[in-house]
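Some notes on the structure that comes next.
Values in this text are rule-based calculations from the coordinates and carry no lab data. Everything numeric in this text was worked out from a predicted model, so none of it was measured. Note that each Cβ is placed from the backbone with ideal geometry, even for glycine, and that neighbours are counted across all protein chains shown.
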Amino acid sequence: MKSKIFLLGAAAMLAVPAFAVPGQAAAMAACGLVNGGFEEPGGIRGQGYTTRDMPGWHSSARDGLIEVWGPGNRADPMNFTIPADSGSQYIEVNATSNSPVYQDIETVPGSTINWSLAHRARTGPYKRDVMRVRIGGVQQGPDMADGSDAWGHYKGSYTVPAGQTVTRLELVPVSSGTGYPSYGNFVDSVEVTCTTPAPPYGQPAPVVPVVPVVPPVMPLPPVPVVPPAPAGPAAPDAVLSGPVGKPLTGSVGTGGGAYGGPTYTVTDPSKLPPGVTIGSNGTVTGTPTKPGTYRVPVKACDGGNCSQGEAIIVIHDCPEPNPYATP
Ligand SMILES: [Ca+2]
């Protein structure tokens, strides 16, 4: 991805002279969208990792959380792994609520933003998650509806109005195939390029953001692989949800322990949803009796190494969707 941005930056410098001539081809420039593949922070395994500190991206949700998924995911209610469209990570836009995830991009007024992304559902293939893209507050094209069987790929373009030097690109969840607001709408591979219009004859070219071109680096000799030192287990950082009155199943565990499986302890049991327990192997069981969003502190220990995390359990007041409903 980086090399592509560098190439676009080089093209912009070559194609925009100080004074352009009529009929000149429009110049291409990278316009600053970062982390479009959601690969930072890296090293995420499994499902349900939430963060507020993701390079480039922010959430409009009240808790500000963005949910990242990585290799090895097998989240309830699906029982299979969904790979990334590109790289190894992607996000679930419906983290703890039905709220947009967005990034603000520096833009040249009058330029055209060409965007593309990949979208997929969490549960299906006949139950579809629905999402739309909004740029500068304007919906782009029809809603995108996908099942869980494959990534759908979408693209479009948007013209930046006069005077607009910062443009917001939003991933707006519309609905989840499960009916749960904390389930659905996977997104990966968000890419943006900008096309700057040629200026009128005799006018100076607009200032185009230019990414410095880095000379190619000679490949280094291979570094011998050193096995990592034993580390503590991954801290629980999971999001689970279910309706009142139905057994809740799932796990806060993401594995990664060095000594054959971490042991989980709820450090403040009063924070659990009434009726729900978390076992020492991370399994979540019980029938919730009261709706709400519960933030449960959980400690993971493995071989004497411990880490503290948090499981977010969302109990809905709505009935469970009928699994036999017509698609
Ligand atoms: Ca990715």
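Points 7 angstrom from Cα along the Cβ direction at residue 138 and residue 308: gap in nanometres?
4.9 nm
Within straight cross-link reach of residue 290, meaning Cα distance under 17 Å, which aspartates and glutamates are found once same-chain residues fewer than 8 apart are removed?
317, 320
In vacuo Debye scattering of region 237-316, one point per C-alpha: log10 I(q)/I(0) at q = 0.17, 0.24, 0.26 Å⁻¹?
Result of the Debye calculation: -0.59, -1.06, -1.21.
Let's see if you can work this out: charge +1 on each Lys and Arg Cβ, -1 on each Asp and Glu Cβ, no other charges. What is the dipole magnitude of region 237-316 about its Cα centre, in debye to the nearest 20? Intermediate results must be reported in sequence, preceding the final value.
Numbers: 5 positive and 4 negative charges, 53 e Å.
Result for region 237-316 is approximately 260 debye, rounded to the nearest 20.
If I take every Cα pair under 8 Å that is 6 or more residues apart in region 237-316, average their sequence separation and divide by the length, what percent do I get for the relative contact order?
39 percent
First measure r as the distance between the Cβ atoms of residue 79 and residue 281, then evaluate 1/(1 + (r/R0)^6) with R0 = 30 Å and state the FRET efficiency to the nearest 0.05.
On the way: r = 18 Å, r/R0 = 0.60.
That pair, residue 79 with residue 281, gives E of 0.95.
Which of the chymotrypsin sites (Phe, Trp or Tyr not before Pro) across region 92-127 are loop residues per DSSP, with 16 or fewer other Cβ within 10 Å? Before the final figure, lay out each step's value.
Working: sites: 102, 115, 126; in loops: 126.
Answer by residue number: 126.
In nm, what is the difference between 0.36 nm times the number of residues separating residue 60 and residue 168 and their Cα-Cα distance? Walk me through the numbers on the way to the answer.
On the way: separation 108, 0.36 × 108 = 38.88 nm, distance 1.21 nm.
Result: 37.7 nm gained on full extension.
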